[in-house]
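Worksheet: one structure, shown below.
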């Protein structure tokens, strides 16, 4: 762990100042060791039914309980674990399993949408690349098949025959709540890319040293992830379809035609790219995948691998203190749920952005406000307490896919800027409004031609009432006029409560196939279940791997049952082969 350094957000933590910090940390560590002795004695003599989970060994109980007590230190005393300076070069001689590479800042022509924030500059991004020795990649001659608008049947057959030879490249986002850990090969979360490379599931994995909340606010982490993705997608011949270029996409005059070209480019690749996210890294992968889909300046990834993903940080910001709902499984997971410190960390993560940004699908895609805005109250209520057991029921999944009360894609409501009574309000609210239906874009004069970030740091390509391309039941384009209060979802702030897709898509439409790994003893069960439910609703191909009795992030827990972890790795690698 690097030498402790004071960060501004730590000033309001109760035990972040010396000497209270030292006293608190020492007493917490000492009492935790004493408690381990007590737990070992107690659970050794008590029947298994009194354990947090009957299947747990004494070792598992001690590990979860001890880690939970130590994690409390990070939230109350501001202690950070395993971090490093993202601007610092790494000495190659100190690396045994990886090589360190810099990626230049993202090209100007690709800086669109949410990542185009004038208050958060783009930086070069460091990557720890697995394995240390650079692998060789097969070259596929695509020129003959791409000289015309559609490749010949013979070329398509050649691609199909060579499909098994296409190497798989991973881009890994480490976990740590955006304030802990790093991409270094010695970080605990690096067990994940290390194991995937060892088992041969991936040819190469780029572990991204993205900026944590101590170094820069949102959208810095998304910028860094997008920078690495843009570098790899270009470097691996993703953009070799004749006539395709970022310049053609940026103005987005004909969205569907351009999207078809991007899809065509992704269909003729020399490599496949899978985005891998662990815990908070899963949250970052979801944000990156959304930016890629919304902006259309890069081809989509081939898959998303989400390991215990954090997908609803907004739970730390209830409308009222009395409405705060603790996350489940407090006795079986080591994640703590302390509202005030969590809210402080999340507010630091947002930085200069308004608090309502926490309810953006780029930050909290599984929040109830986002789900209600995109799908309606009926669907949001149906997934509010969704459990793993329900998702295992094929009938319940089919119910989520076919709910007639939920529109297939966002249906725009007429701009309130066009009415005399609401002109001032709609102008102050900015380009995105939340009305009685799904989120829509307001064609105010100030933003209708904007192609970069707004002053609040929420970049977008604003358009005038962009309709959803799907059929979807629901009100017509003018149904929402003046009905915000009646529908119960009138705009709630001077910022953008929910950011709609510039292309009029639903929440997870056109997302890549996804594999989600989650323990059924995790505190994140409820929000991840909502995520999977929403993906099912939008037709995303989801492979869910539920790990029985497992706490958060079980794949990086060396002290967990190795047979269980091996079984999970085998299922993940089977999914990767099918991508």
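The values are calculated or read from the model by the stated rules, or taken from the named source; none is laboratory data. Not measured: the values here are computed from a predicted model. Positions of Cβ are backbone-derived with ideal geometry, glycine not excepted, and every protein chain shown enters the neighbour counts.
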_Which numbered condition residue 564 misses (of (1) at pLDDT below 95; (2) in a loop (DSSP other than H, G, I, E, B))_ = (2)
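Residue by residue, here is whether (1) in the same structural domain as residue 522 (by TED's automatic domain parsing); (2) exposed (fewer than 14 other Cβ atoms within 10 Å of the Cβ); (3) in contact (Cβ under 8 Å) with a residue 40 or more places away in the chain; (4) in contact with a strand residue (DSSP E or B) (Cβ under 9 Å, 6 or more places away or on another chain) holds:
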{"residue": "16", "(1), (2), (3), (4)": "no, no, yes, no"}
{"residue": "35", "(1), (2), (3), (4)": "no, no, no, no"}
{"residue": "38", "(1), (2), (3), (4)": "no, yes, no, no"}
{"residue": "43", "(1), (2), (3), (4)": "no, no, no, no"}
{"residue": "46", "(1), (2), (3), (4)": "no, yes, no, no"}
{"residue": "53", "(1), (2), (3), (4)": "no, no, yes, no"}
{"residue": "60", "(1), (2), (3), (4)": "no, no, yes, no"}
{"residue": "73", "(1), (2), (3), (4)": "no, no, yes, no"}
*Going by the conditions given, is residue 182 modelled with pLDDT of 95 or more, touching a helix residue (DSSP H, G or I) at 6+ places or on another chain (Cβ under 9 Å), assigned to a helix (DSSP H, G or I) and surrounded by 22 or more Cβ atoms within 10 Å (Cβ to Cβ)?*
no
_Conditions (1) free of Cβ contacts under 8 Å to residues at least 40 places away in the same chain; (2) more than 19 Å from residue 279 (Cα to Cα): number failed by residue 565_ = (2)
*How many residues, within segment 536-554, are assigned to a helix (DSSP H, G or I) and surrounded by fewer than 23 Cβ atoms within 10 Å (Cβ to Cβ)?*
2
*With respect to the numbered conditions (1) more than 21 Å from residue 380 (Cβ to Cβ); (2) touching a strand residue (DSSP E or B) at 6+ places or on another chain (Cβ under 6 Å), which one is the sole condition not fulfilled by residue 549?*
(2)
*asked:* I'm trying to understand the selection: among the residues of segment 528-538, which are farther than 14 Å from residue 374 by Cβ and in contact with a helix residue (DSSP H, G or I) (Cβ under 7 Å, 6 or more places away or on another chain)?
replied: 529, 532
*Which listed residue is surrounded by 21 or more Cβ atoms within 10 Å (Cβ to Cβ) and either at pLDDT below 95 or assigned by TED's automatic domain parsing to the domain that holds residue 71 (or both), from 196, 213*: 213
